[in-house]
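First up is the structure itself, then whatever we jot down about it.
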2 protein chains.
Amino acid sequence: MSSSKTSNIDSLGEFGLIERLTSDFNIKNRTSLLGVGDDCAIIELNDKESLLMTTDLLVEGVHFNLMYVPLKHLGYKAVAINVSDICAMNGRAEQITVSIAVSSKFPVEALEELYAGINLACDTFHVDLVGGDMSAAYAGLTISITAIGRVDNNIITRRSGANSKDIIMVTGSLGASYMGLQILERENEVFKANSNVQPELDGYDTLIQRQLKPEARHDMVELFGQLGVVPTSMIDVSDGLASDIFHLCAKSGLGCQLFEEKIPMDDKTKLTAIEFNISPITCALNGGEDYELLFTIKQEDFDKVAGNPNLTPIGYMTSKEDGRNLVDANNELIPLKAQGW
Amino acid sequence: MSSSKTSNIDSLGEFGLIERLTSDFNIKNRTSLLGVGDDCAIIELNDKESLLMTTDLLVEGVHFNLMYVPLKHLGYKAVAINVSDICAMNGRAEQITVSIAVSSKFPVEALEELYAGINLACDTFHVDLVGGDMSAAYAGLTISITAIGRVDNNIITRRSGANSKDIIMVTGSLGASYMGLQILERENEVFKANSNVQPELDGYDTLIQRQLKPEARHDMVELFGQLGVVPTSMIDVSDGLASDIFHLCAKSGLGCQLFEEKIPMDDKTKLTAIEFNISPITCALNGGEDYELLFTIKQEDFDKVAGNPNLTPIGYMTSKEDGRNLVDANNELIPLKAQGW
């Protein structure tokens, strides 16, 4: 199938491939307010609210390794990453459907663990499981979740709404999930070499937790409401800060300037990165799976968020011509590269 | 993993497994009007309309065989079966998301074929592709589609609404899709044995078409509106008439009596069944994948549908105590068995 006349999927990348496959599609229903290209689709509901819709696929061996990912955590995470996409449009998730393709090597008890995690996430994020499908598979486990939610029309936040000079902010801290993954992979390699050796996970709990059981920041969406702030653009940090700020820049037709020293990372993440000979800033820029919210606000709104320990200003939007740059610790301007993992 | 302490997935069946896995879940949002257990979930929209939501998974080697299923047809069918679920609640589909997990052995051109079929179905059924996800997979192709649509509140049709003495009806004809599958599998076996032999598909076009490119009966939903008929209960025929009438009986707390001689099957289907030494009625009862609508109406509505060539009365609902029966060609009462393939 890989003759010179055909193209390899990997050569296009996920975003390029989706663009190529969906470029011929047109929108026919007036209720389809926004289609492919943001964290969620927007569907018309009424004068007050819109519906948000998003979907994510998790494939064993690609997105997770059952050697070290407990099924309960996996179920939780599968829901959280969908809820996170709804948060990224400033909305609240309400319903999900869950479809599973699973090989018969999994006993019912394994699926019960998975669904216990899904149920826990449904409680945590106040969403209802309203449907799904279940199929045999020749190998492995594939989880497909679709979430819908609602957002008030006057606070819908798209990727495309940023303006030049808007302040770029991020919730929580970045890089921990990626370092958690490094720990888990290291100990898994040790275990594969000698199954009598106990994994050394002590002291890395917070990092591992961020990787295995990430939280959707629905609390931050609530906080925006309390502070009276409507972000001008927003995305959740799934591929890494660099890749995700690129999406905000591209959709808003702008450039950006980030400050390395402002980017929030906790000490444990930095120390562990150094232990692994990884530059800490690389974890934040390219690690991904933080599921924090990356957003922009108008300068005049800064007073409303200044000093809040959950919200950190990390730069500002510039004109497209200024490019996308990072001011590093030596005060030098470095062009950003998007490089998800 | 298959020690005496664990349970095998296959031992429960799809419906039993879903019930076991989701029995602990509770509904938390007042907008979740109906959850798991019908063709679609029902979500509150406004006084006039509700939202319908459904999802289906297609797995290579389980639901389709790429030896004889063209990717364009597969894409079309994947959309049609979701639209069919929305039709089964008397609604109209408006948006879909499409997620694909695919091994890198598929060239981009293969995915373009798949998406051409999805696009054709979007045009035919007037739905918009508004999102999705794409992932690598170690093997094969998995397609997960979620559809949402709308239905006027006064015509929502659940599986649970039938009453004793309601007339059972079905759209179109049954069994053709199953015989189409038998033809394709027979010719595939011949081809595998000797790849120089041309497949004998001539004359079987209509059957093969029903299998490869089924239509969702959105035209019948429109017809109900024109005739001023609101079915009391409805389901689409995906698992086979026997299995699907069981769902209507179970959800409505009733029994049924079907008449073999009334069940609509075209001559080609009957003749081909005989050629394969299959009893024609078995195709209709247990074949499945017809994607016709099986529904019940009040007796007083019968005048509105009588004589319409698209709508065939095949029996009536009875009390639960009377059981679920078929009156066969010899006028004998035979208990129905649900037996999807």
Just checking: which of the strands (runs of 3 or more DSSP E) contained wholly in region B:228-341 hold 2 or more residues that are out of contact with any Leu (no Cβ under 7 Å at 6 or more places or on another chain) and at negative phi?
B:254-259, B:293-297, B:311-319, B:333-335
Looking only at region A:119-139, which residues are under 23 Å from B:HIS63 (Cβ atoms) and either part of a helix (DSSP H, G or I) or hydroxyl-bearing (Ser, Thr, Tyr) (or both)?
A:SER135, A:TYR138
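Which residue out of A:LEU174, A:LEU181 is part of a helix (DSSP H, G or I) and either assigned by TED's automatic domain parsing to the domain that holds A:ALA121 or surrounded by 15 or more Cβ atoms within 10 Å (Cβ to Cβ) (or both)? Reasoning before the result, please.
Numbers: A:LEU174 fails: part of a helix (DSSP H, G or I).
Result: A:LEU181 is the single residue among A:LEU174, A:LEU181 that is part of a helix (DSSP H, G or I) and either assigned by TED's automatic domain parsing to the domain that holds A:ALA121 or surrounded by 15 or more Cβ atoms within 10 Å (Cβ to Cβ) (or both).
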Does region A:52-69 hold any residues that are more than 20 Å from the chain's Cα centre (by Cα) and not hydroxyl-bearing (Ser, Thr, Tyr), and which are they?
A:LEU66, A:MET67
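So for region A:90-99 (the condition being farther than 30 Å from A:LYS251 by Cβ and out of contact with any Pro (no Cβ under 9 Å at 6 or more places or on another chain)), does at least one residue qualify? Even if it seems obvious, please write down each step before you answer.
The initial filter retains those residues of region A:90-99 that are farther than 30 Å from A:LYS251 by Cβ, namely none.
Among the residues of region A:90-99, not one is farther than 30 Å from A:LYS251 by Cβ and out of contact with any Pro (no Cβ under 9 Å at 6 or more places or on another chain), which makes the answer no.
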Could you check region B:295-312 and list, in sequence order, the residues that are touching a helix residue (DSSP H, G or I) at 6+ places or on another chain (Cβ under 8 Å) and more than 15 Å from B:LEU223 (Cβ to Cβ)?
B:THR296
Residue within region B:139-146 that is over 30 Å from A:ILE18 (Cα atoms) and either modelled with pLDDT of 95 or more or away from chain A (no Cβ under 14 Å) (or both) present
no
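Regarding region A:220-234, can at least one residue be identified that is modelled with pLDDT of 95 or more and either under 14 Å from the mean Cα position of the chain (by Cα) or under 19 Å from A:LEU181 (Cα atoms) (or both)?
Looking only at region A:220-234, we keep the residues that are modelled with pLDDT of 95 or more, and these are A:220-234.
This time we only want the ones that are either under 14 Å from the mean Cα position of the chain (by Cα) or under 19 Å from A:LEU181 (Cα atoms) (or both), so: A:234.
Among the residues of region A:220-234, at least one is modelled with pLDDT of 95 or more and either under 14 Å from the mean Cα position of the chain (by Cα) or under 19 Å from A:LEU181 (Cα atoms) (or both), which makes the answer yes.
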In region A:29-56, what residues are of a type in the set (S, T, N, Q) and either over 22 Å from A:ALA80 (Cα atoms) or in contact with a Phe, Trp or Tyr (Cβ under 8 Å, 6 or more places away or on another chain) (or both)?
A:ASN29, A:THR31, A:SER32, A:ASN46
Given the conditions (1) crowded, with 21+ Cβ neighbours inside 10 Å; (2) outside any helix (DSSP H, G or I), which single one is not true for A:GLN198?
(1)
For region B:273-281, check the following and say yes or no: at least one residue is in contact with a Gly (Cβ under 9 Å, 6 or more places away or on another chain) and under 18 Å from B:MET169 (Cα atoms).
yes
Contact list, first residue from region A:154-180 and more than 22 Å from A:ALA273 (Cβ to Cβ), second anywhere and in a strand (DSSP E or B) and modelled with pLDDT under 95, beta-carbon distance below 8 Å, six or more apart or interchain, is A:ARG158/A:LEU34
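The values are calculated or read from the model by the stated rules, or taken from the named source; none is laboratory data. Treat the numbers as computed from the prediction; the structure is a model and nothing was measured. Glycine gets a Cβ as well: all are built from the backbone with ideal geometry, and neighbour counts include every protein chain shown.
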